[in-house]
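Accompanying notes for the structure given below.
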Amino acid sequence: MYKAKNYKDYDDSTLIKLSQKGDEKAFEEILNRYSNRIINLATRIMGSVDDGWDVAQEVFVSIWKNIKSFDSSKNLYPWIRKITVNACYEELRKRGKGLESSLDDVEEGEPSIDLPDVKYSPEDNYSKIELNEVIEKALETLPEHYRITLWLRAVENLTYEEIAETLNINIGTVKSRINMARKLMRDKLKYYLEVKDESS
Amino acid sequence: MHDVIVVGAGPSGSSSALFLAKRGLDVLIIEKKRLPRYKVCAGGTPRYTFELLDLSPSYFDAFNIEKIKVYYRERVREYSIPSNSIFTVHRDQFDYRLTQLACHNGAELLEGEEVIEIEEENNSLTIKTNLGHKFKSRYLIGADGIGSKIARFIGANFRYRVPLAIQKDIPYKNPEPIISLFMGLVPMGYGWIFPKNRTLSVGLGAYAFSPRKMPQVLSILLKDLNHTNIPLLAHPIAFYRGKRRLANERIVLVGDSAHITDPFSGEGIRNAVKSAKIAEETILECIKKNKPLSIYTEKIYSVMARELFLAWMISGIFYRFQDRIFNLMDRFDMGAILSNLLNERTSYSQIFKKILKFIPFRLL
Ligand SMILES: Cc1cc2nc3c(=O)[nH]c(=O)nc-3n(C[C@H](O)[C@H](O)[C@H](O)COP(=O)(O)OP(=O)(O)OC[C@H]3O[C@@H](n4cnc5c(N)ncnc54)[C@H](O)[C@@H]3O)c2cc1C
């Protein structure tokens, strides 16, 4: 018999097990929980809301297709994140936007400042997640692999090791990309940072 | 000073004005065109929308649809639609009658003037038009459609590409009451023929498809029709793409200006009227309790976001796997499903779960 248990009350690993048995309700709850984060991440990597949403559609289908092989004792989100990153890269590759660039092996930058505080809340993506427009625009103009690496660090709060794992690159590359990305962001935001400094 | 100024007299603006005027508020509608004005639209409207308006389809001379045919290249499937559940309307008439009715109930209409500027003061708003007129109001409803000035003013930030739709409205004496949908024409979209009173609306909508190539594809659907002198009209569709800020203390967005068009059915009218209803409730509540209108955003999304999100998910599956979805359709009564969806007797959540059973389309 169907028990009137609310799927919201289940933890991830229960939802995964149920989804693996083909319970669509459990899967819908997983989407409920993670869709905003997936869409935000995909939007960030792809560089536009449209492309982010489009790729996210594929990500959801792909999660559903592959959930059977997922080990339910593990954390769900890192797996989802990896699927998302891969789907984005796949799409970017299809479009022939080269991911590798000559800036890749850039030397370590000067001591970095952090991105202005970016608060991220998965439940609420219209006010809190809305980065200050200036920062958002600056971020959009970064080359893809800087943008995504910086995003994983500053917003998804991944460690260097986790980023290396997610992107299949070594830690040295992660570090140099982040330094370079921060340097580029600083240059782009120079005017605003200076204005801010004067007033404070 | 007016209680509420409504910018735009499409379905969202005219129904907002109607609802609020009926409640005895002092409402001014400002519409930049002269009414009745034409709007590119297939005009598909479920009975549910008329119920929200508390008006019968015949009030708008709505055309009752009896069947739906779905084409995939040379193949076709045909379904009957439960009677009196889906209609089409001529938008110039539909919008005009709603506006007239709002005026009958006490709203005032200023047409042929465009709102160009808004100023917020402590307890009121000042709205300026292109002809230099100024009006004061306590609240403002942005019903100015896609590309809304009011949305920009409150920082709603709809910064994304919107899919384009093109359409020709062809005079046609006695069209059969059949909606035809054409899959397999373009990668992420579909074509349609909607019959209306004395008219066939023949159109095509697509994401990520070159607008320049669209007319060529549409000509496939037009080939048996006499359409040489009929203008081809294009208009973007305000599909939902995530939550945004839809209100501030004194301003709310309704209809296309809030980007709440159903990404699966392509319908914007139903949610336009629904949002007008929620705007009405919010404004009345906020007047009573002297609260800011900002809670409107949450109200809209608590009613719509989940369904819009799933509608978008489903549309993604439909568009991506058009051939396989078409094959699956012989198992389902699409006429009943569509009618139930548009009339909100079935939820997208239910449909989504059904579709998941077939992914990755093992059964085909
Ligand atoms: C090809 C096509 C087919 C469609 N088919 C369907 C369908 O079958 N069913 C369905 O439900 N939906 C359909 N839609 C969507 C539907 O047309 C829209 O969702 C609907 O018109 C939204 O109504 P609205 O009142 O929000 O905006 P609109 O109808 O766009 O009205 C906005 C009004 O505001 C006025 N205005 C704009 N700026 C100003 C200003 N600054 N000052 C004063 N006035 C201003 C405009 O002149 C206009 O009259 C279709 C759309 C397209 C493009």
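For the stretch B:16-38, the candidate set comprises residues that are more than 10 Å from the ligand (Cβ to nearest atom) and in a helix (DSSP H, G or I); within that set, the residue that is surrounded by the fewest Cβ atoms within 10 Å (Cβ to Cβ) is B:Lys22.
Go through the residues of the stretch B:266-280 one by one and say whether even a single one is part of a loop (DSSP other than H, G, I, E, B), of a type in the set (A, V, I, L, M) and touching a Leu at 6+ places or on another chain (Cβ under 8 Å). Checked the stretch B:266-280: no residue is part of a loop (DSSP other than H, G, I, E, B), of a type in the set (A, V, I, L, M) and touching a Leu at 6+ places or on another chain (Cβ under 8 Å).
Across the stretch B:193-213, which residue is farthest from the ligand (Cβ to nearest atom) among those that are of a type in the set (D, E, K, R) and in contact (Cβ under 8 Å) with a residue 24 or more places away in the chain? Even if it seems obvious, please write down each step before you answer.
First, pick out the residues of the stretch B:193-213 that are of a type in the set (D, E, K, R): B:196, B:198, B:212-213.
Those still in the list that are in contact (Cβ under 8 Å) with a residue 24 or more places away in the chain too: B:196, B:198.
Working: B:Lys196: 10, B:Arg198: 17 Å.
Residue satisfying both the conditions and the ranking: B:Arg198.
May I ask you to verify whether B:Ala234 is touching a residue at least 24 places away in the same chain (Cβ under 8 Å) and in contact with a strand residue (DSSP E or B) (Cβ under 7 Å, 6 or more places away or on another chain)? I'd like the intermediate steps shown before the answer.
On the way: touching a residue at least 24 places away in the same chain (Cβ under 8 Å): yes; in contact with a strand residue (DSSP E or B) (Cβ under 7 Å, 6 or more places away or on another chain): yes.
Taking the combined requirement at face value, the residue satisfies it.
Taken as a whole, the structure leaves B:Tyr96 outside the set of residues that are farther than 17 Å from B:Lys33 by Cα and open to solvent by 50 Å² or more (accessible area, probe 1.4 Å).
Within the stretch B:150-163, residues that are among the β-branched types (Val, Ile, Thr) have Cβ atoms under 7 Å from residues that are at pLDDT below 95 and open to solvent by less than 30 Å² (accessible area, probe 1.4 Å) in these pairs: B:Val162/B:Ala238; B:Val162/B:Phe239, counting only partners at least 6 apart in sequence or on another chain.
In the stretch B:8-15, the condition of being open to solvent by 60 Å² or more (accessible area, probe 1.4 Å) and either modelled with pLDDT of 95 or more or within 16 Å of the ligand (Cβ to nearest atom) (or both) is met by no residue. Within the set B:Leu253, B:Leu222, B:Leu218, the sole residue that is touching a Lys or Arg at 6+ places or on another chain (Cβ under 9 Å), in the same structural domain as B:Gly8 (by TED's automatic domain parsing) and open to solvent by less than 20 Å² (accessible area, probe 1.4 Å) turns out to be B:Leu253.
Selection within the stretch B:189-211: residues that are more than 19 Å from B:Arg75 (Cα to Cα) and within 14 Å of another protein chain (Cβ to nearest Cβ). The member of this set that is most open to solvent (accessible area, probe 1.4 Å) is B:Ala208. Identify all residues within the stretch B:225-250 that are more than 10 Å from the ligand (Cβ to nearest atom) and either closer than 17 Å to B:Ser148 by Cβ or not assigned by TED's automatic domain parsing to the domain that holds B:Ser210 (or both); write none if there are none. Within the stretch B:225-250, B:Tyr240, B:Arg241, B:Gly242, B:Lys243, B:Arg244, B:Arg245, B:Leu246, B:Ala247, B:Asn248, B:Glu249, B:Arg250 meet the criteria. Put simply, of B:Tyr172, B:Tyr139, B:Tyr190 the only residue that is on the phi < 0 side of the Ramachandran plot, more than 14 Å from the ligand (Cβ to nearest atom) and not assigned by TED's automatic domain parsing to the domain that holds B:Leu293 is B:Tyr172.
The values are calculated or read from the model by the stated rules, or taken from the named source; none is laboratory data. Owing to the predicted nature of the structure, the values given are computational and were not obtained by experimental measurement. As a convention, Cβ positions derive from the backbone with ideal geometry for all residues, glycine included, and neighbour counts pool all protein chains shown. These accessible areas exclude ligands, DNA and RNA; they are computed on the full protein's heavy atoms, side chains included. Shrake-Rupley method; radii C 1.70, N 1.55, O 1.52, S 1.80 Å.
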